[in-house]
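Asker: Before we start, here is the structure in question, set down as structure tokens.
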Ligand SMILES: [Zn+2]
């Protein structure tokens, strides 16, 4: 996964990477690695993207 211009340090592009210790998010440009707290915030911002209305909201007349 890739987050464009989302690096808190240099506004570079963040890339989801993985090694033997697990997955982490790091900046391609400056190598800055996100703290777990920052990763959580990033995931949250993804979830807040506009989406279609839930289909369960339809009226039953
Ligand atoms: Zn950066």
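Asker: If the chain between residue 2 and residue 40 were fully stretched, how many nm would it gain, using 0.36 nm times the residue separation less the Cα-Cα distance?
Answerer: Value of the extension gain: 12.2 nm.
Asker: With 10 angstrom as the radius, rank 42, 14, 2 by how many other C-beta atoms surround their C-beta, starting from the fewest. Don't skip to the end; give the middle numbers.
Answerer: Values: 42 17, 14 24, 2 10.
With the sparsest Cβ surroundings first, the list reads 2, 42, 14.
Laboratory data are not the source of any read-out in this text; all were calculated from the coordinates shown. Treat the numbers as computed from the prediction; the structure is a model and nothing was measured. Counting neighbours? That spans all protein chains shown, and the Cβs are built from the backbone with ideal geometry, glycine included.
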